[in-house]
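To keep things clear, I will list the structure first and then write my remarks on it.
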Amino acid sequence: MGRDWTPYPESTAADYRRAGHWQGRTLGERFRECARRYPDALAVVAGAARLTYAELDNRCDRLANGLVALGVTARDRVVVQLPNGVEFVEVLFALMRVGATPVLVMPAYRRQELRALMQIAEPAAYVVPDHYGGFDFRTQARELCVDVGTVRHVVVAGEPAEFTPVRELYHGPEPRPDVDADDLALCVMSGGTTGGPKLVPRTHENYAYLPNACAAAGLDRDDIYLAALPLAHNFPLACPGLLGTLTSGGTAVMSPTSSPDDAFPLIERARVTWTTLVPSVVEFWTEATRWHRSDLSSLRLVQVGGSVFRPESARRATQRLDCGLQQVYGMAEGLLTMTALDDPDDLVLTTQGRPPCPADEVRLVDPDGVDVEAGGVGELWTRGPYTVRGYFRAPESSAGSFTPDGLYRTGDLARRLPSGHLVIEGRLKDVINRGGDKIPCAELEGHLVAHPAISAAAAVPVPDSELGERVCVFLVCERPRSLREIRAFLQARGVASFKFPDRIEYVDRLPLTKIGKIDRKALMARIAGPAAGS
Ligand code: OOB
């Protein structure tokens with residue numbers, strides 16, 4: 001096995017297998033077992049398409065054959081940037097069946113982010129929609145093929161232009177390799193760390209454990225899941241999300257976006273029972289119940305995570321949506337914590353719950369790496385059967401983010417209640433969490449100083465009632481530039497629009513800490529007052 005990623009120590013892997021956390025089966029096998037057990041059950045609903053388990057299983061097989069015929073081989077990386085839809089599900093399982101590694105990228109990402117992660121992944125293929133959200137992904141694919149020499153095939157869902165259409169890749173049998181459960185199932189993008197984009201390598205055993213771990217959501221084959229957040233994100237994909245649904249016989253309904261206009265009619269029509277959302281979207285849904293007439297009475301559970309969820313919003317949401325709530329704290333790197341369905345209301349409203357697996361180790365430490373006193377706030381360090389030990393092909397960042405004995409340093413600050421429930425109190429890392437979308441400050445600053453008139457830049461979070469945080473940038477600049485000009489500059493560079501500044505402040509120079517780093521605390525204190533406008 002190549003060493004593009006850090007394996008678990010053998011004795012630890014043996015412990016996880018002995019305890020039954022790892023079951024030696026691939027995700028493809030688990031889905032196929034489910035398809036054999038419930039062939040006629042409805043697996044996926046997307047627009048007019050409705051596929052039973054047997055149909056979906058068969059289509060995934062045929063697509064896997066077509067990918068082999070195209071020349072995709074085991075361990076090839078394939079960047080998949082598809083919105084929620086049947087193709088997403090089929091491409092994901094087909095690649096897993098070929099033993100290739102899907103690298104899942106959110107549709108909002110643009111050329112800058114993609115180029116950086118493709119330079120790490122060296123993908124053999126890139127799978128995109130023709131259009132989504134008013135953006136032509138084929139144009140971006142053309143540019144990326146120039147930027148990144150390894151992409152042999154661009155595969156398009158929809159009108160392919162000069163590329164390969166997905167619809168022509170459903171083939172008859174081809175010899176396919178065996179896939180090992182301890183090999184990579186997929187890579188997801190790290191959202192939580194500083195620095196450039198990082199890929200999180202998840203093995204089949206590690207990733208297949210996640211949906212099991214989430215049994216706390218009480219999922220069964222009668223459940224109907226609405227995939228409203230982009231499925232390339234770990235939370236709707238596997239916590240237990242789409243993968244939990246398709247390995248337990250339930251139905252996954254695809255929503256093209258998370259807006260109430262798309263999601264509410266789908267909930268009513270398909271009698272959706274549960275979904276996964278970020279706090280800003282739940283708040284929007286809560287408001288939308290005032291004017292939307294759709295019947296949401298089938299909803300029994302909404303999972304909420306990705307950024308801080310205020311107790312008042314949580315209370316309002318459960319009342320207006322009239323359903324259960326599960327708070328989830330998690331990360332692409334692995335660890336999840338979740339409230340239980342039978343937790344008392346005050347714990348559900350004010351905590352982010354407990355880790356689901358007895359083998360999850362969670363430490364709260366002070367700056368010297370020493371465990372804080374019971375009840376104290378410390379940085380959360382973790383290791384366990386579904387938390388990775390390092391990033392894909394990034395030994396240096398891995399060394400910075402993981403301790404020598406394999407604990408992931410989350411950069412989040414947490415407190416533990418006597419019941420074991422964790423409360424996320426803040427964070428140490430320089431990342432802005434804009435409604436669940438993560439923006440590494442240094443990355444945005446790097447793009448800003450590429451502007452010829454900007455000599456220095458610092459990005460800081462500004463508290464916001466809707467999104468939790470928005471992006472404020474402090475610029476040292478010859479003369480003030482409009483927000484519109486700065487955004488246009490970032491757009492032309494190919495930066496994802498959720499990273500664009502919401503507010504600009506001009507300074508003569510950036511305040512520095514004693515050791516010469518940008519003093520973000522001082523900058524945040526300056527904007528604590530009302531918005532100055534820009
Ligand atoms: C989820 O994953 P990522 O990789 O996009 O972001 C991880 C970071 C965490 O380190 C933390 O800073 C923040 O997002 N976060 C939360 C939170 N859940 C995540 N901060 C406060 N409260 C929460 N409930 O965001 C993710 C992955 C799987 C499940 C849920 C969320």
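Looking at the stretch 36-70, which of its residues are of a type in the set (A, V, I, L, M, F, W, C), surrounded by 15 or more Cβ atoms within 10 Å (Cβ to Cβ) and over 26 Å from the mean Cα position of the chain (by Cα)?
Ala41, Ala54, Val68, Leu70
If Gly406 satisfies all but one of (1) within 16 Å of the ligand (Cβ to nearest atom); (2) on the phi > 0 side of the Ramachandran plot, what's the number of the condition it fails?
The failed condition is (1).
In the stretch 336-362, what residues are more than 20 Å from Gly305 (Cα to Cα) and either surrounded by 18 or more Cβ atoms within 10 Å (Cβ to Cβ) or in contact with a helix residue (DSSP H, G or I) (Cβ under 8 Å, 6 or more places away or on another chain) (or both)?
Result: Ala359, single match.
Out of everything in the stretch 306-334 that is of a type outside the set (Phe, Trp, Tyr) and in a loop (DSSP other than H, G, I, E, B), what residue ends up being farthest from the ligand (Cβ to nearest atom)?
From the stretch 306-334, those of a type outside the set (Phe, Trp, Tyr) are 306-308, 310-328, 330-334; that's our starting set.
Applying the additional criterion that residues be in a loop (DSSP other than H, G, I, E, B) yields 306-308, 310, 322-323, 332-333.
Numbers: Gly306: 4, Ser307: 5, Val308: 5, Arg310: 10, Asp322: 22, Cys323: 18, Ala332: 4, Glu333: 7 Å.
Per the stated criteria, the residue is Asp322.
Of all residues in the stretch 340-353, count the ones that are within 24 Å of Gly20 (Cβ to Cβ) and within 13 Å of the ligand (Cβ to nearest atom).
As a first pass, look at the stretch 340-353 and keep what is within 24 Å of Gly20 (Cβ to Cβ): 340-342, 353.
Checking which are within 13 Å of the ligand (Cβ to nearest atom) leaves us with 353.
Number satisfying all stated conditions: 1.
Any chance the stretch 504-522 includes a residue that's within 16 Å of the ligand (Cβ to nearest atom) and touching a Pro at 6+ places or on another chain (Cβ under 6 Å)?
no
Looking at (1) within 16 Å of the ligand (Cβ to nearest atom); (2) farther than 15 Å from Gly436 by Cα, which is the only condition Gln303 fails?
(2)
Scanning the stretch 375-393 for residues that are touching a residue at least 60 places away in the same chain (Cβ under 8 Å) and more than 15 Å from the ligand (Cβ to nearest atom), which turns out nearest to Asp15 (Cα to Cα)?
Pro385
Criterion first (without any contact (Cβ under 8 Å) to a residue 60 or more places away in the chain, surrounded by fewer than 23 Cβ atoms within 10 Å (Cβ to Cβ) and either more than 14 Å from Cys187 (Cα to Cα) or out of contact with any Lys or Arg (no Cβ under 7 Å at 6 or more places or on another chain) (or both)) does Pro129 satisfy it? Full working, then the answer.
Working: without any contact (Cβ under 8 Å) to a residue 60 or more places away in the chain: yes; surrounded by fewer than 23 Cβ atoms within 10 Å (Cβ to Cβ): yes; either more than 14 Å from Cys187 (Cα to Cα) or out of contact with any Lys or Arg (no Cβ under 7 Å at 6 or more places or on another chain) (or both): yes.
It is true that Pro129 is without any contact (Cβ under 8 Å) to a residue 60 or more places away in the chain, surrounded by fewer than 23 Cβ atoms within 10 Å (Cβ to Cβ) and either more than 14 Å from Cys187 (Cα to Cα) or out of contact with any Lys or Arg (no Cβ under 7 Å at 6 or more places or on another chain) (or both).
Rundown of residues vs (1) over 30 Å from Gly218 (Cβ atoms); (2) outside any loop (DSSP other than H, G, I, E, B); (3) in contact with a strand residue (DSSP E or B) (Cβ under 6 Å, 6 or more places away or on another chain); (4) at pLDDT 95 or above, yes/no style:
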residue: Leu336; (1), (2), (3), (4): no, yes, yes, yes
residue: Gln352; (1), (2), (3), (4): no, no, yes, yes
residue: Pro367; (1), (2), (3), (4): yes, no, no, yes
residue: Leu380; (1), (2), (3), (4): no, yes, yes, yes
residue: Gly411; (1), (2), (3), (4): yes, yes, yes, yes
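Listed here are the residues, each with its yes/no results for (1) buried (at least 18 other Cβ atoms within 10 Å of the Cβ); (2) away from the ligand (no atom under 16 Å from the Cβ); (3) over 18 Å from Phe309 (Cα atoms); (4) free of Cβ contacts under 8 Å to residues at least 40 places away in the same chain.
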position	(1), (2), (3), (4)
Leu417	no, no, no, no
Leu422	yes, no, no, no
Asp430	yes, no, yes, no
Arg434	yes, no, no, no
Val449	no, yes, yes, yes
Pro452	no, yes, yes, yes
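Name the helices (runs of 4 or more DSSP H) wholly within the stretch 1-77 that hold at least 1 residues that are out of contact with any Asp or Glu (no Cβ under 9 Å at 6 or more places or on another chain) and closer than 23 Å to Val127 by Cα?
27-37, 53-70
Does the stretch 504-517 contain at least one residue that is of a type outside the set (Lys, Arg), at positive phi and modelled with pLDDT under 95?
Scanning the stretch 504-517 turns up at least one residue that is of a type outside the set (Lys, Arg), at positive phi and modelled with pLDDT under 95.
Can you name every residue in the stretch 244-293 that is part of a helix (DSSP H, G or I) and farther than 20 Å from Leu467 by Cβ?
Gly244, Thr245, Leu246, Phe264, Pro265, Leu266, Ile267, Glu268, Arg269, Ala270
Collect the residues in the stretch 487-518 that are part of a loop (DSSP other than H, G, I, E, B) and over 26 Å from the mean Cα position of the chain (by Cα), keeping them in residue-number order.
Matches in the stretch 487-518: Val507, Asp508, Arg509, Leu510, Pro511, Thr513, Lys514, Ile515, Gly516, Lys517.
The values are calculated or read from the model by the stated rules, or taken from the named source; none is laboratory data. Computed from a predicted structure; not experimentally measured. Positions of Cβ are backbone-derived with ideal geometry, glycine not excepted, and every protein chain shown enters the neighbour counts.
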